[in-house]
Amino acid sequence: MNRFAELLDRLAYEPGRNNKLRLITAYFRETPDPDRGYALAALTGALSFKHAKAGLIRDLIAARTDPTLFALSYDYVGDLSETVALMWPSAPMRERHNNPPPPTLTDVVTTLRMLGKTELPAQLARWLDQLDETGRWALLKLVTGAMRIGVSARLAKTAAAALGDKDAHDVELIWPGLAPPYLDLFAWLEGRAEKPVNRDPAPFRPVMLAHAIEDADFATLNATDFAAEWKWDGIRVQAVSGRGEHDSVVTRLYSRTGEDVTKSFPDLMPSLRFPGAIDGELLVVRDGRVQSFNVLQQRLNRKAVTPKLMKEFPIHLRAYDLLSDGDNDLRELPFKERRERLKAFIAALDDPRIDLSPEVPFASWGELKAARADPASAGAGADAEAVEGVMLKRRDSPYLPGRPQGPWWKWKRDPHIIDAVLMYAQRGHGKRSSYYSDYTFGVWTAINGEEQLVPVGKAYFGFTDEELLQIDRFVRRNTTETFGPVRHVVHEPDQGLVLEIAFEGLQRSARHKSGVAMRFPRISRLRWDKPPREADRLETLERMLKSETASIADS
Amino acid sequence: MRPHDILMPVAAGLCCKPGGFYIDPVRAVDRAIITHGHSDHARPGHGAVLATQETLDLMRLRYGDNFAGTTQAVAYGETVRLGDVAVTFHPAGHVLGSAQIAVTHGSTRIVASGDYKDVRDPTCAPFEVVPCDVFITEATFGLPVFRHGDAAAEVKKLLASVALFPERAHLVGAYSLGKAQRVIALIREAGYDAPIYLHGAMDKITSYYQSRGIALGELRPVKGMKKADLAGTVTLAPPSATSDLWTRRFPDPVTAFASGWMRVRARARQRGVELPLVISDHADWDGLTRTIATTGAGEIWVTHGQEDALVHWCGTQGLTARPLALVGYGDEDGEEDAPAPSGEEAGA
Ligand SMILES: [Zn+2]
């Protein structure tokens, strides 16, 4: 436990992603099974046991310390677990001599799983006696379920993969079939065993993403190499169906990050009758018309999925791509072949809830530009409002995880929109003074070779009252530090909130660290579905700024 | 005579009327007894200064030859008669030359301990318990959450990081007088024998430690080193330097900070420290309470720091305790480091 605690302690202070990876990989290398497996489970949120309540921890410390000294200490430190970890009275040397060695992480995890509620306080006290300050801190964070150290599940898996010079993608693919303490995974990573087989009948496949295209890019691209389709303004999902035990059909709906969102869309699941994996966009379609994102948002905002909600907001899947068909993985096939398979697959399904995203025919970039400017007359018809832009896909491109440079491009209609990450929040004024309603957001850039967020603006409006409540709750639950009225909100590649920011224009600014200032920025949408790593980059803003200055000069 | 007729807190510091002197005065006075060389305790401009030889030397290094009218070096254990009182110096274990001052009048003895710690430090004489009636204690880390643990284990943490990140430089913020030399000595004890690099502001004091026979191994100025050559090395610098532009000369530096404050996460994060090292030259909570108990003093006066908790604790132990409202003392880590001694490049 002490070694794991040391790792958590170090990770909590290390800002750099690559350095975090190095620290975690080093831990996996030095730590034997099954401890490292339980550590991986702890870091990926895969441990399950009943968490201890803060009240229990308070009772334990109250029985051992002077209340005034505890109050002064808690006031100074500001965090219950940390205060208790630091002031827990250490057993005198003489007693410590007879004590068993400190518990391992495995001891802690396996014991917690079995332990009855009434035995927990005494067991926790025994462990606290046996551990050092850092060990006690980590133990308390673990048992209270409050381990926030800026490490995402993805990062932990990447670090494990690095142990065997493997890609995180490889681990991700087999992950759904694995369980703590992951002996088979580590055996494979260390070259001692075959790759574990993913027995999940409906696994998630990492999603392929597109780069934003810039005017200059067109000169290097040949229009005949590409197919185009509308970029629909919904939620990107992966709908997977597979055969489970005894030939039962297993269906799952995943978000773009692999989160299982099946439960939120029970009305779609029966439509996924054939084994396969569809990459598509989730939309609300009423009477054959695609509704705007705002309508979809209203459905997403509701926690309870009632029959009324499903009737009012009929869910629809518009298919972009087919990643597997039956038992066949299609991802290595070129896009045009996958497209043919997709057409046949959708036709065979013959289901009103699932259709094909139509192609946008074009012979030249000029024609496509015209279609993008007026989707209604270019085939989108009445659905044009739900068109966000066009997607360009190389006809020969395989389906690659992540955001490879070149095969896929997105060409948005409104250039004055970016995805930024919420970094800091501050209380508002007047009737908003009890809410965190002033937001500072940032975009990615490389500083000294390390990906970091740099603030690019502040927004105070654009969101609905409902959304304000949601952001406020998010801010309060995800504050990493407080400086006077300002809260630092978690903003890691895999943790945080992406805000779609609309603005009127850009200017150079020496006052901003980023060098650019936005005119009239406002929050146009909350992107709960998007991980921060996929937010925009400062370079995108700089290019926008350049083309903006150019167009002003032109006019 | 009652204890507070012997020693009394006034605006200038702790005043001994029957002896005609002040201890660690914060304003210029005729006669001062200085416990140790840290700048909040040892200030220039007094008429006569009594201190250990090391403290006098360190003051001279910092303030120049004319830092006082006259000086008198007092050895540990030596008794000096001043007016109606007898004054003896005892090791405080804080930094090189640090002393507790025992003031005896008739049958009453008061010990002003200055800054102290009761744990091992290879760079100075070990703390000595002086039985007394009134013990004046600091309270820099006077909260039960401050448990400094084993300094050697913290240094091991630093060296493990150096091994894990051989392409990065490790920059250790440490106060220039005492902490830096102790950290270097601990690094050597841990078996690290490569050269250790120093910020310019640490040169003189560190050389002085070496001249007093404290083995610190090979030390080099960091000034003039090529960035790439600093990969895999350890550099010590004043805490203030580790957070400014100066750090750009290092390849992807890991910023460490050796201080008792590093025990509390919010403090470490506030400073942007990546590798907090809990190494303190002040007694931690256990050290403070242990020392108070062993002096046998029935009355405890608590100065600079977290007085409330310590005064409360004394009460629970049946000891009379009161806070001394002395101003002008801090802990050296919490403040910006003293400016570089003259003759050195500013901000080097
Ligand atoms: Zn001091």
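Using a 1.4 Å probe on the protein heavy atoms, what percent of the accessible area of chain A belongs to carbon and sulfur?
Taking all protein chains in place, chain A shows 51 percent carbon and sulfur surface.
Based on DSSP, what percent of beta bridges with both residues in chain B are antiparallel, to the nearest 5?
35
How do B:ASP65, A:ASP287 stack up against each other in accessible area, from largest to smallest, with a 1.4 angstrom probe?
These residues rank, largest area first, as A:ASP287, B:ASP65.
Please give the FRET efficiency for A:ALA125 paired with B:ALA215, using the beta carbon to beta carbon distance and R0 = 41 Å, rounded to the nearest 0.05.
FRET efficiency, A:ALA125 to B:ALA215: 0.40.
Tell me which of A:ALA420, A:GLY515, A:ILE471 sits at the most positive position along the dipole axis of chain A, charges placed on C-beta atoms (Lys, Arg +1; Asp, Glu -1).
A:ILE471
Which net charge results for the neighbourhood of B:VAL155, defined as the other residues with beta-carbon distances under 11 angstrom from its beta-carbon, given Lys and Arg at +1 and Asp and Glu at -1? Mind dumping the intermediate values first?
Numbers: positive: B:LYS156, B:LYS157, B:ARG182, B:ARG188; negative: B:ASP150, B:GLU154, B:GLU189.
It works out to a net charge of +1.
In straight Cα distance, which aspartates and glutamates are under 12 Å from B:LYS227, not counting same-chain residues fewer than 8 positions off?
Here the aspartates and glutamates satisfying the reach criterion relative to B:LYS227 are B:GLU167, B:ASP252.
Per residue of B:304-312, how many C-beta atoms from partner chains lie within 10 Å of its own C-beta, taken as a mean?
For this peptide, the per-residue mean of nearby foreign Cβ atoms is 2.
Could you calculate the contour length gain from A:ALA446 to A:LYS311, that is, 0.36 nm times the residue separation minus the distance between their Cα atoms, to one decimal place in nm?
Additional length available on full extension: 43.9 nm.
Compute the Cα gyration tensor for region A:236-378, then decide on rounded, prolate or oblate, letting a ≥ b ≥ c be the square roots of its eigenvalues: rounded whenever a/c is under 1.5, prolate when a/b is larger than b/c in the other cases, and oblate in all that remain. Walk me through the intermediate numbers first.
On the way: a/c = 2.10, a/b = 1.14, b/c = 1.85.
Judged from the Cα gyration tensor, region A:236-378 comes out oblate (a/c at least 1.5, b/c at or above a/b).
Residues of region A:128-173 that become at least 10 Å² less accessible with every protein chain present than in their own chain isolated, using 1.4 Å: which are they?
Buried on complex formation: A:GLU133, A:THR134, A:TRP137.
Quick check: pseudo-label points 7 Å beyond the Cα along Cα→Cβ at A:GLU359 and A:LYS458, how many nm apart are they?
Between A:GLU359 and A:LYS458, the simple spin-label model gives 5.1 nm.
Could you work out how far helix A:2-13 tilts from the main Cα principal axis of chain A, as a 0 to 90 degree angle to the nearest 10?
Here the helix axis deviates by roughly 50 degrees.
Given a Förster distance of 41 angstrom, what is the FRET efficiency for A:ASP165 paired with A:THR144, based on the Cβ-Cβ distance and rounded to 0.05?
0.70
I'd like to compare A:357-364, B:229-236: which one has the highest average count of other Cβ atoms within 10 Å, and what's the full order after that?
In descending order of packing, they fall as B:229-236, A:357-364.
How large is the accessible surface per residue of chain A, computed with a 1.4 Å probe and reported in Å² as a whole number?
With the other protein chains kept in place, chain A gives 45 Å² per residue.
Pull out a ≥ b ≥ c, the square roots of the eigenvalues of the alpha-carbon gyration tensor of region A:331-387, then state rounded if a/c is under 1.5, prolate if not and a/b is larger than b/c, and oblate in the remaining case.
Since a/c reaches 1.5 but b/c is at least a/b, the shape of region A:331-387 is classed as oblate.
Where does each of A:20-30, A:119-129 land if you order them by average Cβ count within 10 Å, highest first? Can you show the working numbers first?
Numbers: A:20-30: 19.1, A:119-129: 16.2.
By packing density, highest mean first, the sequence is A:20-30, A:119-129.
Modelling each spin label as a point 7 Å along the Cα-to-Cβ direction, I'd like the A:ARG477/B:ALA28 distance in nm, to one decimal.
6.4
Full extension from A:ARG403 to A:LYS369: what is 0.36 nm times the residue separation minus their Cα-Cα distance, to one decimal in nm?
Numbers: separation 34, 0.36 × 34 = 12.24 nm, distance 2.34 nm.
Here the answer is 9.9 nm.
I want to make sure I understand the PRE zone here: with the label point 7 angstrom from the Cα of A:GLU467 toward its beta carbon, which residues in region A:414-453 have backbone N atoms less than 15 Å away?
Output list for this probe position: A:417-422, A:437-441.
With a 1.4 Å probe, what is the total accessible area buried between chains B and A, in Å² rounded to the nearest 100?
When B and A are taken together, about 2700 Å² of accessible area is lost.
Using a 1.4 Å probe on the heavy atoms of the protein chains only, list every residue of region B:144-172 that has 40 Å² or more less accessible area in the complete assembly than in its chain alone.
SASA drop of 40 Å² or more in region B:144-172: B:PRO144, B:VAL145, B:ARG147, B:LEU164, B:PHE165.
If you place +1 on the Cβ of every Lys and Arg, -1 on the Cβ of every Asp and Glu, and leave all else neutral, what size is the dipole of region A:233-382 about its Cα centre, to the nearest 20 Debye?
600
So between A:GLU337 and A:ARG413, what do we pick up on full extension, going 0.36 nm a residue minus the alpha carbon distance?
Numbers: separation 76, 0.36 × 76 = 27.36 nm, distance 2.81 nm.
Working it through step by step, the gained length comes to 24.6 nm.
Mind giving me the FRET efficiency for A:ASN328 and A:GLU539? R0 is 60 Å, r the Cβ-Cβ distance, nearest 0.05 is fine.
On the way: r = 39 Å, r/R0 = 0.65.
The formula returns an efficiency of 0.95 here.
Assign one of three labels to region B:217-297, namely rounded, prolate or oblate, based on the Cα gyration tensor with a ≥ b ≥ c the square roots of its eigenvalues; rounded applies when a/c is under 1.5, prolate when it is not and a/b is larger than b/c, and oblate otherwise.
Prolate is the answer for region B:217-297, as a/c is 1.5 or above and a/b outweighs b/c.
Counting only DSSP beta bridges with both residues in region B:1-110, tell me the antiparallel percent, nearest 5.
Percent antiparallel among DSSP bridges in region B:1-110 is about 65.
Please average, across the residues of B:266-276, the number of beta carbons from any other chain that are within 10 Å of each residue's own beta carbon, and give a whole number.
3
Mind checking which lysines have their C-alpha under 24 Å from A:LYS117, skipping anything on the same chain fewer than 8 residues away?
A:LYS50, A:LYS53, A:LYS141
In peptide A:6-18, what is the residue-averaged number of other protein chain Cβ atoms found within 10 Å of each Cβ?
Other-chain Cβ atoms within 10 Å of each residue's Cβ, averaged: 3.
With angles folded into 0 to 90 degrees, how steeply does helix A:538-554 sit against the dominant principal axis of chain A? Use alpha carbons for both and round to 10.
Once rounded, the angle reads 30 degrees.
The values are calculated or read from the model by the stated rules, or taken from the named source; none is laboratory data. None of the values given here were measured: they were computed from a predicted structure. Every residue, glycine as well, gets a Cβ built from its backbone with ideal geometry; the counts of neighbours run over all protein chains shown. In case anyone asks, the SASA skips ligands and DNA or RNA and just uses the protein heavy atoms, side chains included. Shrake-Rupley method; radii C 1.70, N 1.55, O 1.52, S 1.80 Å.
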